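Asker: To start, I am sharing the structure in question, which I have written as structure tokens.
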Amino acid sequence: MSRFFSSKYDNLTPYTPGEQPVDRRYIKLNTNESPYPPPEPVKKAAVDSSENLNLYCDPECTALREKLSGVYGVKKEKIIVTNGSDEALDFAFKSFCDKKTGAAFSDITYGFYRVFAEANGVSYKEIPLKEDFSLDISDYFNIGKTVFIANPNAPTGLCIPLCDIEKIVKENKNNVVVIDEAYIDFGGESALELTEKYDNLLVVRTFSKSRSMAGARLGFAVGSEELIGDLNTLRFSVNPYNVNSMTQKTGIAALSQEEYFKNKAGEIIKERERAKRELSKMGFYILDSSANFLFARSDKIGGKELYLRLKEKGILVRHFDSERIKEFNRITVGTREQMDALFSAVKTILEERL
Ligand SMILES: *Cc1c(COP(=O)(O)O)cnc(C)c1O
């Protein structure tokens, strides 16, 4: 740290992204990306859009928001487009939380919530999930803080039924409830429709997981016009050109390929269930996942050790060093071939230990 770094960041521990190694080719099952490339029209849109790079991009993302409006059936005034959904989350922390109105989220969830809270000087409460990692919705009733819930949750993969999400929204009339639906295309029910009914609900979505566009950085949020207006005030105060022209164009192209992405999500769901059966046969305990990953542990091998041994064999999974989940690994569901390679590597590792 230089002697110039602001003291307001004294307690800041930055987010640790999953490894994106360049030293060798790994089978990457560690950052919940799609194993499938985007379809041709999306790649073509990326190339074609490079024509106008001398000009600033549309700060309103008009065409993309119109397209989103058509696909999701919500007015475009209720949509904000962001540089990955991480940016939408950051704007939500900046807009709806401060020292007094803190944030609330569970102890085992997306690690960025804590980092955004710290980076923005927001006080926060981490509410422990139950022993089985499920969330007790009554913990969040009238909590007097801005609520952040990933549904389905990461890294557990568990989801909360829509009626329970609605109860949380209803029981927090005077606070914003942010539902992060990064994995909703792999299971669970979206809360999007509830944004018509409640002015305190913000739903955050991403193109990074089910739409094969993690590298393009595209997300969006849906909420009441007033909430979206606040987020735009923030956006125009830090970076009005937050979504570059290539990403806007690829996003529009992707929204014309819903069949392709639905099919791929279907394949991933099928592969997820097969992986669950295969790993269970090998003695793993696995949570019920509604996402594109499995959260698994085994009594035969520690979480950290399995992660390291798989890495030696060229397979990356995600291990978290925190106390409650250190025996688990989060395994992204890949293609059938990638998963077969995983099963055979795990089998070998377990046999070598006998
Ligand atoms: C991956 C992920 C995101 C962020 O995705 P972006 O690439 O920034 O759109 C947000 N929330 C959760 C829970 C995630 O797992």
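The values are calculated or read from the model by the stated rules, or taken from the named source; none is laboratory data. These numbers come from a predicted model, not from an experiment. Reconstructed Cβ throughout: ideal geometry from the backbone, glycine too, with neighbour counts over all protein chains shown.
Asker: Of the numbered conditions (1) assigned to a helix (DSSP H, G or I); (2) more than 16 Å from the ligand (Cβ to nearest atom); (3) not charged (D, E, K, R), residue 122 fails exactly one; give the number of that condition.
Answerer: (1)
Asker: Can you tell me which residue within segment 77-121, out of those that are modelled with pLDDT of 95 or more and of a type in the set (Val, Ile, Thr), is nearest to residue 290 (Cα to Cα)?
Answerer: Looking at residues that are modelled with pLDDT of 95 or more and of a type in the set (Val, Ile, Thr), I get 109.
Asker: Among the residues of segment 103-120, is there at least one that is surrounded by fewer than 22 Cβ atoms within 10 Å (Cβ to Cβ) and without any contact (Cβ under 8 Å) to a residue 24 or more places away in the chain?
Answerer: Yes, segment 103-120 has at least one match.
Asker: Continuing with this model, one more query. Please give the number of the condition residue 60 fails out of (1) free of Cβ contacts under 8 Å to residues at least 12 places away in the same chain; (2) surrounded by 23 or more Cβ atoms within 10 Å (Cβ to Cβ).
Answerer: If we test residue 60 against (1) free of Cβ contacts under 8 Å to residues at least 12 places away in the same chain; (2) surrounded by 23 or more Cβ atoms within 10 Å (Cβ to Cβ), just (2) comes out false.
Asker: Has segment 330-340 got any residue that is over 16 Å from residue 32 (Cα atoms) and touching a residue at least 24 places away in the same chain (Cβ under 8 Å)?
Answerer: No, segment 330-340 contains no residue that is over 16 Å from residue 32 (Cα atoms) and touching a residue at least 24 places away in the same chain (Cβ under 8 Å).
Every residue, every condition in (1) under 30 Å from residue 344 (Cβ atoms); (2) touching a strand residue (DSSP E or B) at 6+ places or on another chain (Cβ under 9 Å), yes or no:
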position: 194; (1), (2): no, yes
position: 209; (1), (2): yes, no
position: 215; (1), (2): yes, no
position: 240; (1), (2): no, no
position: 243; (1), (2): no, yes
position: 280; (1), (2): yes, yes
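Asker: Answer with yes or no whether residue 12 is farther than 18 Å from residue 155 by Cβ and surrounded by 10 or more Cβ atoms within 10 Å (Cβ to Cβ).
Answerer: In short, yes.
Asker: Next question, about the same structure. Go through segment 182-193 and give me each residue that's under 15 Å from residue 149 (Cα atoms) and either among the hydrophobic types (A, V, I, L, M, F, W, C) or surrounded by fewer than 24 Cβ atoms within 10 Å (Cβ to Cβ) (or both).
Answerer: Within segment 182-193, 182, 184, 188, 189, 190, 191, 192 qualify.
Asker: Further, regarding this structure: Which of the residues that make up segment 33-92 are aromatic (Phe, Trp, Tyr) and farther than 28 Å from residue 269 by Cβ?
Answerer: Answer for segment 33-92, where residues must be aromatic (Phe, Trp, Tyr) and farther than 28 Å from residue 269 by Cβ: 56, 91.
Asker: Which of the residues spanning segment 149-198 are aliphatic (A, V, I, L, M) and under 17 Å from the mean Cα position of the chain (by Cα)?
Answerer: Of everything in segment 149-198, those that are aliphatic (A, V, I, L, M) and under 17 Å from the mean Cα position of the chain (by Cα) turn out to be 149, 150, 154, 158, 160, 177, 178, 179, 182, 184, 191, 192.
Asker: Would you check if residue 201 is within 16 Å of the ligand (Cβ to nearest atom), over 15 Å from the mean Cα position of the chain (by Cα), of a type in the set (A, V, I, L, M) and surrounded by 16 or more Cβ atoms within 10 Å (Cβ to Cβ)?
Answerer: The answer is no for residue 201.
Asker: Quick one: what pairs do we get from segment 243-259, first residue in a loop (DSSP other than H, G, I, E, B), second β-branched (Val, Ile, Thr), C-beta under 7 Å, 6+ apart or different chains?
Answerer: Once the first residue is in a loop (DSSP other than H, G, I, E, B) and sits in segment 243-259, its partners that are β-branched (Val, Ile, Thr) give 243/81; 243/82; 255/71; 257/42.
Asker: Separate question: Considering only residues of segment 20-34 that are within 15 Å of the ligand (Cβ to nearest atom) and in contact (Cβ under 8 Å) with a residue 40 or more places away in the chain, which is surrounded by the fewest Cβ atoms within 10 Å (Cβ to Cβ)?
Answerer: By that ranking, first place goes to 31.
Quick grid of which residues meet (1) within 21 Å of residue 84 (Cβ to Cβ); (2) of a type outside the set (Phe, Trp, Tyr):
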position	(1), (2)
246	yes, yes
292	yes, yes
295	no, no
305	no, yes
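Asker: Given the conditions (1) away from the ligand (no atom under 16 Å from the Cβ); (2) in contact (Cβ under 8 Å) with a residue 12 or more places away in the chain, report the number of the one that residue 221 does not fulfil.
Answerer: Of the numbered conditions (1) away from the ligand (no atom under 16 Å from the Cβ); (2) in contact (Cβ under 8 Å) with a residue 12 or more places away in the chain, the odd one out for residue 221 is (1).
Asker: Among the residues of segment 75-107, which ones are in contact with a Leu (Cβ under 7 Å, 6 or more places away or on another chain), more than 12 Å from the ligand (Cβ to nearest atom) and either part of a loop (DSSP other than H, G, I, E, B) or small (Gly, Ala, Ser) (or both)?
Answerer: 95, 107
Asker: Same structure again: Starting from residues that are away from the ligand (no atom under 16 Å from the Cβ) and in contact with a strand residue (DSSP E or B) (Cβ under 8 Å, 6 or more places away or on another chain), keep the ones in segment 147-183 and report whichever is nearest to residue 200 (Cα to Cα).
Answerer: 176
Asker: Anything in segment 249-289 that is surrounded by 15 or more Cβ atoms within 10 Å (Cβ to Cβ) and either of a type in the set (Gly, Ala, Ser) or on the phi > 0 side of the Ramachandran plot (or both)? List them, or say none.
Answerer: Across segment 249-289, the qualifying residues are 251, 253, 254, 265, 275, 289.
Asker: Also, quick follow-up: Output yes when any residue across segment 303-321 is under 23 Å from the mean Cα position of the chain (by Cα), more than 26 Å from residue 23 (Cβ to Cβ) and of a type in the set (A, V, I, L, M, F, W, C), and no when none is.
Answerer: no
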